[in-house]
Amino acid sequence: MTADPFALACPRPLRHETVQMAHGGGGRLMKELIEGIFLPALGADPAGLHDSAVVEAGGTRLAFTTDGFVVHPRVFPGGDLGELAVYGTVNDLAMAGAKPLALSTAFILEEGLPFAELAPLVASMKAAADRCGVRLATGDTKVVDRGKADGIFITTAGIGLIPAGVDIHPRRVQPGDAVLVSGDLGRHGIAVMSVRAGIAFETPVTSDCGPVHQLAAALLDAGLDVHCLRDPTRGGLASVLNEIAAAAGLAIEAEEAAIPVAEDVAAACEILGLDPLYVACEGRLVAFLPEAQAQRALAVLQATLGGAGAAIIGRVIEGPAGRVGLRTALGTSRLLDLLSGEQLPRIC
């Protein structure tokens, strides 16, 4: 029997036998890694995944999170590895509505790392912790052989107190919820990429690296019924919308014209062939709450430090679970899917 050369067939999906850089990029491969290896072994529920876990102790609810930071270069326009490690963990606690209390930190140091590079990063961590009102309570240090690490890796964990009555989680997202962002998008990824690639833009792009716990607290203090919060780090806004839509079993419609992207970031993305909706932020939050409260929430964010550029960018609708649509400035629609590969490796 001779095969028909014109017969159409769908190719088999690619399966990797080893870890790829894209497995850490916040896209489809990272999702497959977590759901295929980590969750079955650790017994976690995919529907329960959030930036922080909620644990109870003596009748008190605590948010608990951990993160690793391996960004290269270690110093970038608008920030460095030390403050990124603190802000990243504080922000994850804030996404559960928690008031950050204390952090732990572990340093993986490579033999030969100059103290002249290490000391400023540690000082940045202390300054960032002081800014957030959080204590660096404990830590650990390991040194590995020369060539076995990239100078320094930092791991942090944090705990925060969740106020009574606060329940922030993707499962609370409902049809009719408005979607807000606290500021312009894509700034961190482009800032890191410009230094890494040695690209000099006419207007330097600086990272948005910073804390968002005050923005989250302002929404809660205003008595708003915040259903979900998420910070758009790896994979950017598009990945966050996909994750929340899938977890809630709903669809999301976003308006391209309403999504704030600074001109310098948009221009840099055009030059580099990147989509700013997939580029990482490190000082922004995405909020989901009832549409009737959207304008008030917008005013609260815009009146709070770090939220001047806040905008309402879309809404949650009934529809296929996990579907995210974008209405373009031309009036057409396209799907915003999870990245299959890696846009910007090692941005945090």
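Please tell me if Ile190 is assigned to a helix (DSSP H, G or I) and either of a type in the set (Asp, Glu) or closer than 24 Å to Val75 by Cβ (or both).
Numbers: assigned to a helix (DSSP H, G or I): yes; either of a type in the set (Asp, Glu) or closer than 24 Å to Val75 by Cβ (or both): yes.
For Ile190, the condition - assigned to a helix (DSSP H, G or I) and either of a type in the set (Asp, Glu) or closer than 24 Å to Val75 by Cβ (or both) - is met.
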Provide a single number: the residues in segment 70-79 that are closer than 28 Å to Lys99 by Cβ and either surrounded by 21 or more Cβ atoms within 10 Å (Cβ to Cβ) or basic (Lys, Arg) (or both).
2
Identity of the residue in segment 87-121, surrounded by fewer than 16 Cβ atoms within 10 Å (Cβ to Cβ) and in contact (Cβ under 8 Å) with a residue 40 or more places away in the chain, that ends up nearest to Phe64 (Cα to Cα):
Ala102
Can you give me the number of residues within segment 31-49 that are out of contact with any Asp or Glu (no Cβ under 9 Å at 6 or more places or on another chain) and either modelled with pLDDT of 90 or more or surrounded by 14 or more Cβ atoms within 10 Å (Cβ to Cβ) (or both)?
4
Based on what the data block shows, is Cys209 over 18 Å from Ala294 (Cα atoms), crowded, with 24+ Cβ neighbours inside 10 Å and in contact with a strand residue (DSSP E or B) (Cβ under 6 Å, 6 or more places away or on another chain)?
yes
When Pro73 is run through (1) touching a Leu at 6+ places or on another chain (Cβ under 8 Å); (2) in the same structural domain as Val144 (by TED's automatic domain parsing); (3) modelled with pLDDT under 95, the failure sits at (1)
Leu229 fails exactly one of the following numbered conditions: (1) under 27 Å from Arg323 (Cα atoms); (2) not in a strand (DSSP E or B). What is the number of that condition?
(2)
Identify the residue in segment 258-315 that is farther than 18 Å from Gly97 by Cβ and among the polar types (S, T, N, Q) and, among all such residues, is surrounded by the fewest Cβ atoms within 10 Å (Cβ to Cβ).
Gln295
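The values are calculated or read from the model by the stated rules, or taken from the named source; none is laboratory data. Predicted, not measured: the structure shown is a model, and the values here were computed from it. We place every Cβ from the backbone using ideal geometry, glycine too, and count neighbours over all the protein chains shown.
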